[in-house]
Amino acid sequence: MKKTSIGPARRRLLQAAALMALAPTLRAQGFPSKPVRIYLPQPPGGAADRLARVLGERLEARWKQSVIIENKPGGGVVIGTQATARAAPDGHTLGLLGSSLSINAVQRKDLPYDSVKDLQPIARVGYYTVALVAAADFPASDIRELIALAKKQPGRLSFGSNGIGTSAQLAGEMLNHMAGIQLQHVPYNGAAKMYTDIVGKQIPMGFSVASSAETFVRSGQLKVLGVTSTKRSPLYPDWPAIAETLPGYEAVNWAGFAAPVGVPREIAQRLADDIVAVLAMPEVAKTMAEMGVEVSPQGPDEFKAFIQSEIRRFAEVTKPLGAPTN
């Protein structure tokens with residue numbers, strides 16, 4: 001049988017094709033090749049800032065590259081989100097974003113970016129446990145009693161949140177919508193002043209990240225009427241879920257990483273795999289629990305589907321609530 005020899009030109013062509021097939025794998029293996037920047041649309045010192053620094057520190061050790069956390073607050077998280085969307089799509093710039101991404105997509109018509117088309121979901125981290133807290137002597141002790149009280153005093157009760165367009169505001173608006181009540185929204189620039197006003201009887205209640213309210217609850221100054229997840233949080237099992245009274249109620253404050261659209265798939269998957277690996281570290285899990293974060297990771301495709309489902313769900317809830325927030 002005659003052997004068929006491969007000529008030099010044909011050999012070079014096959015070698016080039018093999019290298020091209022290996023290129024995505026090699027590119028992902030060599031990533032990151034320079035410092036990674038994480039934009040945070042919130043100011044320093046808050047829960048999101050602490051989360052970014054805890055994860056950034058572990059990713060830095062894993063990648064053997066610097067991870068720079070850059071706070072870009074303002075515009076209802078628009079400034080930091082826009083910076084993420086406009087960065088180079090090489091995987092070396094991420095944004096640690098949250099529920100406001102989905103909420104703004106529904107409520108605002110002035111966004112300088114498209115929440116779906118300009119951002120590429122990388123990995124979801126999980127949820128902050130959010131609670132509706134009230135003054136210790138507030139007449140209602142649970143959601144059922146609150147609904148009854150609000151129906152007797154339509155438009156006279158109010159709730160606080162950490163700002164317009166946040167998951168805390170949406171939690172209150174969703175409660176209004178599903179319970180058929182009229183709680184008035186009072187936005188705050190952070191939770192500290194809101195707690196002071198609740199304790200001082202300036203406002204009866206407010207939605208906030210549970211970990212920041214816990215000290216007031218443990219001291220007896222505040223009480224929890226319910227948490228906004230579909231089920232009781234494993235971190236706070238004694239606190240009832242609002243959904244126990246209003247089935248289907250859910251207004252979670254999620255956190256996750258996104259990149260500018262166009263990051264190569266293999267790089268996006270490498271980022272997601274490394275973030276999930278860091279979240280699985282026992283010391284990170286312990287820190288997350290202390291921060292009131294329920295770890296619930298998702299990869300790029302699942303996280304993208306989750307964000308789109310949130311946008312659809314919020315659009316249904318906000319339709320009867322009036323004009324979008326500008």
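For this structure, a couple of remarks:
- Cα lying deepest toward the dipole's positive end in the chain, options ALA150, PRO282, LEU59, charges on Cβ: LEU59
- C-alpha long axis of helix 300-318 to longest principal axis of the chain, angle in °: 30
- Rounded to 5, the percent of DSSP beta bridges in region 130-244 classed as antiparallel: 60
- For region 249-324, the square roots a ≥ b ≥ c of the C-alpha gyration tensor eigenvalues yield an a/c of 1.5 or more together with a/b not exceeding b/c, which makes the shape oblate.
- Fewest-first ranking of SER208, SER102, using other Cβ atoms within 10 Å as the exposure measure: SER102, SER208
- Debye, to nearest 20: dipole size of the chain, +1 on Lys, Arg Cβ, -1 on Asp, Glu Cβ: 1300
- When MET178, MET194, MET205 are sorted by how many other C-beta atoms sit within 10 angstrom of their C-beta, beginning with the fewest, the order is MET178, MET205, MET194.
- Listed residue pairs exceeding 23 Å between alpha carbons, taken from LYS152/LYS201; LYS151/LYS193; LYS201/LYS223; LYS117/LYS231; LYS34/LYS72; LYS72/LYS231: LYS151/LYS193; LYS117/LYS231; LYS72/LYS231
- Between ALA251, ALA305, ALA210, the Gaussian network model of the chain with springs among Cα atoms under 10 angstrom shows the greatest mean-square fluctuation at ALA305.
- Couplings 3J(HN,Hα) of region 205-210, computed from phi: 7, x, 9, 7, 4, 4 Hz, in residue order, whole Hz [Karplus 6.51 cos²θ - 1.76 cosθ + 1.60, θ = phi - 60°; x for Gly and Pro].
- In percent, rounded to a whole number, the relative contact order of the chain is 25, using alpha-carbon pairs under 8 Å and six or more apart.
- Gaussian network model of the chain, springs between alpha carbon atoms under 10 Å - residue of LEU132, LEU94, LEU111 with greatest fluctuation: LEU111
- Footprinting exposure proxy ranking of VAL36, VAL77, fewest other C-beta atoms within 10 angstrom first, gives VAL36, VAL77.
- FRET E, pair LYS286, ARG313, Förster distance 30 Å, beta-carbon r, rounded to 0.05: 0.40
Since every read-out is calculated from the coordinates, none of them should be taken as a lab result. Everything numeric in this text was worked out from a predicted model, so none of it was measured. Glycine gets a Cβ as well: all are built from the backbone with ideal geometry, and neighbour counts include every protein chain shown.
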